[in-house]
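This report concerns only the one structure given below.
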């Protein structure tokens, strides 16, 4: 940071330090959430397809192992359904819903903090602006009828820089919040789709498979003369 930049920063008054702390906190929260959501978002279609292929061979334990080794809420919901593969539809659905209720709040964690930073930053800037205007009027009163421009400039600088600093923090904060919220909604849709798909497969197709998992091959061999 150059000397000119630092002088502008310090001219913004004490609220600039508050805005700087809020900016650093928001940046760290955004990076942490971005990495976490990136790790938890998988190709749900390919994942569910792979689980179905494993289950077609009656390898339930292998499918559970794949779910345990795969990060993210989609794998957790599919695992909950697999653990209740032999139960009735109601128990399986309740298990899937419970797993989703556990995973979804984890996805939304700390998003409220980012939104709060974006919303509070303009208020902090407004406070800095008011403090700058108070400084300006105080300098005007101290200067009598002929207050100098230098005496008034300090307060005006503080007011303008505080306003600008608050917008610099708030605008990216709002964008970061909406971006992460979109990522969360996409993952939630994947969770809902994966839960419904694996339940339909377990209730309809998996339970009708023969014990050796080669029902189609056996049927084909019986049809040969």
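The values are calculated or read from the model by the stated rules, or taken from the named source; none is laboratory data. Keep in mind the model is a prediction, meaning the values are calculated, not measured. Backbone-built Cβ (ideal geometry, glycine too); neighbour counts: all protein chains shown.
General remarks:
- Residue within the stretch 181-197 that is modelled with pLDDT under 80 and surrounded by fewer than 16 Cβ atoms within 10 Å (Cβ to Cβ) present: no
- Those residues of the stretch 70-104 which are more than 22 Å from the chain's Cα centre (by Cα) and assigned to a helix (DSSP H, G or I), in sequence order: 79, 80, 81, 82, 83, 89, 90, 91, 92, 93, 94, 95
- Test: residue in the stretch 107-117 that is surrounded by fewer than 19 Cβ atoms within 10 Å (Cβ to Cβ) and under 22 Å from residue 14 (Cα atoms): yes
- Members of the stretch 1-44 found to be modelled with pLDDT under 85, touching a helix residue (DSSP H, G or I) at 6+ places or on another chain (Cβ under 9 Å) and over 26 Å from residue 182 (Cα atoms), listed by number: 1, 8, 9, 10, 11, 12, 13, 14
- Selection status of residue 91, over 15 Å from residue 190 (Cα atoms) and surrounded by fewer than 12 Cβ atoms within 10 Å (Cβ to Cβ): yes
- Test for residue 102: is it surrounded by 21 or more Cβ atoms within 10 Å (Cβ to Cβ) and under 29 Å from residue 61 (Cβ atoms): no
- Among the residues of this structure, residue 111 counts as one that is within 18 Å of the chain's Cα centre (by Cα), closer than 30 Å to residue 169 by Cα and in contact (Cβ under 8 Å) with a residue 12 or more places away in the chain.
- Selection within the stretch 26-41 - surrounded by 12 or more Cβ atoms within 10 Å (Cβ to Cβ) and either part of a helix (DSSP H, G or I) or free of Cβ contacts under 8 Å to residues at least 40 places away in the same chain (or both): 26, 27, 29, 30, 32, 33, 34, 36, 37, 40
- For residue 47, the conditions (1) assigned to a helix (DSSP H, G or I); (2) surrounded by fewer than 16 Cβ atoms within 10 Å (Cβ to Cβ) are fulfilled apart from (2).
- Filtered residues of the stretch 73-108 (kept if over 29 Å from residue 204 (Cβ atoms) and either touching a residue at least 40 places away in the same chain (Cβ under 8 Å) or touching a helix residue (DSSP H, G or I) at 6+ places or on another chain (Cβ under 7 Å) (or both)): 107, 108
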